[in-house]
1. So for the stretch 179-188 (the condition being in contact with a Gly (Cβ under 6 Å, 6 or more places away or on another chain) and not in a loop (DSSP other than H, G, I, E, B)), does at least one residue qualify?
2. Out of the residues in the stretch 353-407 meeting the condition of being part of a loop (DSSP other than H, G, I, E, B) and at pLDDT 80 or above, tell me which one is farthest from PHE279 (Cα to Cα).
3. Among the residues of the stretch 268-284, are any closer than 17 Å to ARG173 by Cα, among the aliphatic types (A, V, I, L, M) and in contact with a helix residue (DSSP H, G or I) (Cβ under 6 Å, 6 or more places away or on another chain)?
4. In the stretch 293-322, which residues are within 18 Å of VAL247 (Cα to Cα), among the charged types (D, E, K, R) and outside any strand (DSSP E or B)?
5. Would you check which residues across the stretch 323-339 are surrounded by fewer than 19 Cβ atoms within 10 Å (Cβ to Cβ), assigned to a helix (DSSP H, G or I) and either touching a residue at least 12 places away in the same chain (Cβ under 8 Å) or more than 26 Å from the chain's Cα centre (by Cα) (or both) and list them?
6. With (1) surrounded by 12 or more Cβ atoms within 10 Å (Cβ to Cβ); (2) assigned to a loop (DSSP other than H, G, I, E, B) as the list, and SER170 as the residue in question, which single condition is left unmet?
Amino acid sequence: MSSTTTWSTLPVEMKLSVVDLLDFHDVKSLSLVNREAYSCTVPSIFRHVKIPDYEALRTYLSSVPKSNNQYVRRLQICTTNSAGQMLAPSVDNHPITDVVAELLAHCPQVEQLTLNLAASLHRSIIPVFRQLKSLNSLTINHCGDEQLAPLSERLVVAIAASVPSLSRLSLDRITRSALHAPDLVGVYPFIPLVAGDEDIPDHPLLGSELRLPSLLRLPTLRKLRIRDTHLGDSQWSTTPVACALEVLDLGSCYHASPEFNRECTERIMGNVGHTVDEFALNTALTPQTFKYAQHNEAPLKRLRKIHLTPLFPVGNVVDTLSTLSDSPIEQLSVQCYEDDVLDICSALSDFLSLRAERGEQALYKHLTEITVKTVSDLADGLYGPFALDGKLPAATTLPQECAKAVRELQDFLRDLRSAGEGGPTSASAQSSSAADVDIEKPSQPHADQAPVEA
């Protein structure tokens, strides 16, 4: 005789397993059934918390039971106000710091943390990060006015160095400290600088050297992204590297010239490039990169993935890819605006033609995929481990002319691969050739792709 098991008779562990399989909207519906159902859904509801502004942060702290924060794994906090203004309450009285610290202190299991800061936090926030032993991914974005409310590199480095298991770090619009850049004070092009941050305490590992290059001394760091930040500190090329960086994403400083940004990128790559597997570029590269090498092992010898961001100059595609052509590159990803697709495909074809004319096959031995993705704005231009969300929006059809350009590029790459193998393309290669070059265009995400807001 068969027996029927009802939901109420299931063990708690099994109920939690079932809830884990539901999408968020179904979880919310289940939570409204009764008190027991709500208790089972709390871990899922609070797994990913997104707090959109300072007022919402205060409301969250006053209305959500502190015990629920033990379930938070992904946390996103923004400190702008609800009107969208960039300036939040004064950091001198640090009310923002107090509420951020209070929330973080009750999130011991958080693994991914994003801080969108309208202004600097007070230095008293630093000890809180020492307690976040599960935190491995930290993103700090400055969304305020860099002249009126800068976010000091000293504070950011002190925070990052305090996280015990930090492996992934993403920084946007971090301001150099006058303490570490006295040569920039009052000098054209008048790079924004922070003064008065000498009171940030020394770090046990880094001491008083709380400058951006000191991030290379963090042994657990594997993925580093820095955008819209001045990278002109000469110590980027001399700081001892204690980490084995696998992914490096370097942007440019909008206050500096393209040539200066290129030199900064080359200097950093010369110091850390011997371990990098994946590299995202905003600026062009020249063979000068190899002259900055600080290690016996040449830089970029492990490089397998290259990403060109929407800001990368199309006119430098050929030169930069030629510079990197001795690396064992397997994947080349390009993000651009829809209007630039034809120019990008033309530049990539020119590069492949140049390599073919020279009879150099090193690149073709490893390159198996070229991906072109269009973006609507720069916020979409985040790759791989630094993507905004793990779920990508569904691809939509591009104009016929653009699709044709991609197909021609695909055919060209496949022919070169076939020639490099010394024979006609095999049936298996033909059947998979559609994956060699792909193009995607963003579309509006579905409802179930949106992050949960709590």
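The values are calculated or read from the model by the stated rules, or taken from the named source; none is laboratory data. Given the structure is predicted, the values throughout are model-derived calculations rather than measurements. When we count neighbours, we look across all protein chains shown, and the Cβ atoms used for this are built from the backbone with ideal geometry, even at glycine.
1. No.
2. If we take residues in the stretch 353-407 being part of a loop (DSSP other than H, G, I, E, B) and at pLDDT 80 or above, then PRO399 is farthest from PHE279 (Cα to Cα).
3. No.
4. GLU297, LYS301, ARG302, ARG304
5. GLU338
6. With (1) surrounded by 12 or more Cβ atoms within 10 Å (Cβ to Cβ); (2) assigned to a loop (DSSP other than H, G, I, E, B) applied to SER170, the lone miss is (2).
Listed here are the residues, each with its yes/no results for (1) within 20 Å of ARG211 (Cβ to Cβ); (2) of a type in the set (Lys, Arg).
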{"position": "SER237", "(1), (2)": "yes, no"}
{"position": "SER257", "(1), (2)": "no, no"}
{"position": "ARG262", "(1), (2)": "no, yes"}
{"position": "ILE268", "(1), (2)": "yes, no"}
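Table: residues versus (1) surrounded by fewer than 23 Cβ atoms within 10 Å (Cβ to Cβ); (2) at pLDDT 85 or above.
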residue: VAL247; (1), (2): yes, yes
residue: GLY251; (1), (2): no, yes
residue: HIS274; (1), (2): yes, yes
residue: LEU285; (1), (2): yes, yes
residue: TYR292; (1), (2): yes, no
residue: ALA298; (1), (2): yes, no
